[in-house]
Amino acid sequence: MHLFGVIITGIGTIFLFLGNLGILRLPDVYNRVQAGTKCTTLGAFLTIIGVGIMQPAWFWKALLIAVFILVTNPIPSHAIARASRKSGVPLCDRSVVDKTREFEEYEEKG
Amino acid sequence: MIFVFLLVLLMLIAAIAASIFKDLISAVIAAALVSLIAAILFYLLQAPDVAMAEAAIGAALVTVVFIIAIRRTKRFEE
Amino acid sequence: MNGTLIIFLAIIGAGLILCFLRMLKGPTASDRAVAVDTVTTTIVALLVLLGFIFERYVYLDVSLVYSMISFVGLVALARFLERGI
């Protein structure tokens, strides 16, 4: 039981580090939003559940914190991505497809 | 102990960055980061109630008040 | 067991340094906002791990309050950026 919790906490910690590395390394705001919200949500969830498994009296409160993170973490990242698209932050020059611009051109043509 | 030194160093860097940014929105973001690390330092000094108040006030309230103030005035500092 | 937890703390601290570099370097305000969002989520996990190391049950309340209330400031900032200058 205890070793299982240590392993899950380790996996979550590695996911947290990979998310932070993606924040530094990726070329664009939108790619950074993706790395910073998906990877970090999974990492924080696994870390908190692992602490709840290592200390079984704490499990329900840890599960409550993990569920709150799972609910409230996508809200600001979605709002920031939408706001940066509306305020004209450019995509990186290696990006292939831009569906939002195609949709706007389609709307203008009618 | 090294962890506390690291946190204090990051807090100093964020405070200096908040004072030298010309874009005031970026300065508000750096100030939010300063109060976020201050919450961890209160936590490490065994005062969880003060850390809770600092988290609630510094993360939510101060940022919203600063953004309302910036909306009424200018965004870029000359 | 205690050494393993120290290694986990070191990995999370290295990640915090990387996020700070992006916060200092980022070209626009949106990059800095994304970096602060990631730092917030990392710090919630860090507070739970520190509460396990100190072995105090009360310390989880700080993390609970933080995970509930931390998105308000970033949503207000995104509303400001969306409406333009």
Long-range neighbours under 7 Å by Cβ, at least six apart or interchain, first residue touching a residue at least 24 places away in the same chain (Cβ under 8 Å) within segment C:43-71, second aromatic (Phe, Trp, Tyr) and surrounded by fewer than 21 Cβ atoms within 10 Å (Cβ to Cβ): none
Among (1) part of a helix (DSSP H, G or I); (2) touching a residue at least 40 places away in the same chain (Cβ under 8 Å); (3) in contact with a helix residue (DSSP H, G or I) (Cβ under 7 Å, 6 or more places away or on another chain) - the single one A:Gly43 does not satisfy: (2)
Where C:Val65 falls short, out of the listed (1) within 21 Å of A:Trp60 (Cα to Cα); (2) more than 13 Å from the chain's Cα centre (by Cα); (3) more than 8 Å from chain B (Cβ to nearest Cβ): (3)
Selection within segment C:1-28 - in a helix (DSSP H, G or I), farther than 22 Å from B:Ala38 by Cβ and either within 7 Å of another protein chain (Cβ to nearest Cβ) or of a type in the set (Ser, Thr, Tyr) (or both): C:Thr4, C:Phe8, C:Ile11
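If a residue has to be more than 9 Å from chain B (Cβ to nearest Cβ) and buried (at least 20 other Cβ atoms within 10 Å of the Cβ) to count, how many in segment C:42-59 make the cut?
At the first step, the residues of segment C:42-59 found to be more than 9 Å from chain B (Cβ to nearest Cβ) are C:42, C:44-45, C:48-49, C:52-53, C:55, C:57.
Pick out the ones that are also buried (at least 20 other Cβ atoms within 10 Å of the Cβ) and you get C:42, C:44-45, C:48-49, C:52.
Here the count works out to 6.
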Residue match in segment A:52-73 (condition: surrounded by 20 or more Cβ atoms within 10 Å (Cβ to Cβ), closer than 23 Å to C:Asn2 by Cβ and of a type in the set (Gly, Ala, Ser)): yes
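State all residues of segment C:35-55 that are out of contact with any helix residue (DSSP H, G or I) (no Cβ under 8 Å at 6 or more places or on another chain) and charged (D, E, K, R); if no residue qualifies, say none.
Filtering segment C:35-55 down to residues out of contact with any helix residue (DSSP H, G or I) (no Cβ under 8 Å at 6 or more places or on another chain) leaves C:54-55.
C:Glu55, the sole residue that qualifies.
In segment C:69-85, what residues are within 9 Å of chain B (Cβ to nearest Cβ) and of a type outside the set (Gly, Ala, Ser)?
Our first condition is that a residue be within 9 Å of chain B (Cβ to nearest Cβ); within segment C:69-85, this holds for C:69-74, C:76-77, C:79-81, C:83, C:85.
Within segment C:69-85, C:Ile69, C:Phe71, C:Val72, C:Leu74, C:Leu77, C:Arg79, C:Phe80, C:Leu81, C:Arg83, C:Ile85 meet the criteria.
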Breaking point among (1) closer than 16 Å to C:Gly51 by Cα; (2) surrounded by fewer than 21 Cβ atoms within 10 Å (Cβ to Cβ), for A:Asp28: (1)
Contacts under 7 angstrom Cβ, first residue in segment A:1-22 being within 10 Å of another protein chain (Cβ to nearest Cβ) and over 16 Å from C:Leu46 (Cβ atoms), partner β-branched (Val, Ile, Thr) and in a helix (DSSP H, G or I), 6 or more apart: A:Gly5/A:Ile53; A:Val6/C:Thr4
Test: residue in segment A:90-103 that is within 19 Å of C:Thr40 (Cα to Cα) and either facing chain C (nearest Cβ under 9 Å) or of a type in the set (Lys, Arg) (or both): no
All positions within segment A:1-44 that are under 10 Å from the mean Cα position of the chain (by Cα), farther than 25 Å from C:Thr4 by Cα and polar (S, T, N, Q): A:Gln34, A:Thr37
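Taken together, the values in this text are just the output of simple stated rules run on the coordinates, not laboratory data. Quick caveat: nothing in here was measured; it's all calculated off a predicted structure. Positions of Cβ are backbone-derived with ideal geometry, glycine not excepted, and every protein chain shown enters the neighbour counts.
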